[in-house]
Amino acid sequence: MSGFIAGGTPTQSFPVTNDGFWPDIDGAVLRASIRLDGSITDARLEVATVNALIEINAELQALKALHSTDGHRTLAAVPAPHIQGESQWVWQYKRAVYCTVGAELAERYRSYDSTGDGHKKADELTPSVDEFRRDARFAIRNLLGTPHSTIELI
C-alpha cells in the first residue's frame, strides 16, 4: 500500500510579475489568502491571476497616470498610511486582485469536479462569488477614492 496522498496544498512561492508600477503577486500568498487547496493547480491560478491583473490594471489606468505624473514610480511610493509595514494602497490593490481571482475560480469550480458533489459544492460557492466580486469592487473604489455605493433619485 502506498503512503502517497494526493490533493495537498502547494506552498512553494511563485511570483506573478506585474508592470512595475503595480505590485507583483505571490501565488502562494494568494492561495493561502483565499484558502485554495491543491485541486487548483499553480498553472490555473497563474492564468486567473494574470487575467485579474489585466482587468484591474486597465480599470486603474487613470489612477496610475495620475500618480506617475506626481513622480511616484510605484504604488508603494504613493504616500499612505502603512499597515503591517506595507502601504494601505498596496493592501487594497492586492485585495482587489485576490478577490477577482477567487471569484473567477469559484465560478469555474464545476469544471474541476463535475460529479453531483461537485455541483453541490459549486452551488454552495455561489454566494462566495458575489462576495468576492463585491470585495474586489470595494477595494478598487477605495483606490479610486470613490464611494462604495452609487445612488440616484429617479
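Observations on the model:
- One residue from Gln84, Gln61 being of a type outside the set (Lys, Arg), under 20 Å from Phe138 (Cα atoms) and surrounded by fewer than 17 Cβ atoms within 10 Å (Cβ to Cβ): Gln61
- Complete set of residues in segment 19-40 that are assigned to a loop (DSSP other than H, G, I, E, B) and in contact with a strand residue (DSSP E or B) (Cβ under 7 Å, 6 or more places away or on another chain): Asp24
- Taken over segment 41-61, residues that are more than 18 Å from Asp24 (Cβ to Cβ) and part of a loop (DSSP other than H, G, I, E, B) amount to 1.
- Candidate set: segment 3-39, residues that are of a type in the set (Gly, Ala, Ser) and at positive phi; chosen: the one modelled with the lowest pLDDT: Gly7
- Segment 24-35: number of residues that are surrounded by fewer than 19 Cβ atoms within 10 Å (Cβ to Cβ) and touching a residue at least 24 places away in the same chain (Cβ under 8 Å): 2
The values are calculated or read from the model by the stated rules, or taken from the named source; none is laboratory data. Note that this is a predicted model, so its numbers are computed, not measured. When we count neighbours, we look across all protein chains shown, and the Cβ atoms used for this are built from the backbone with ideal geometry, even at glycine.
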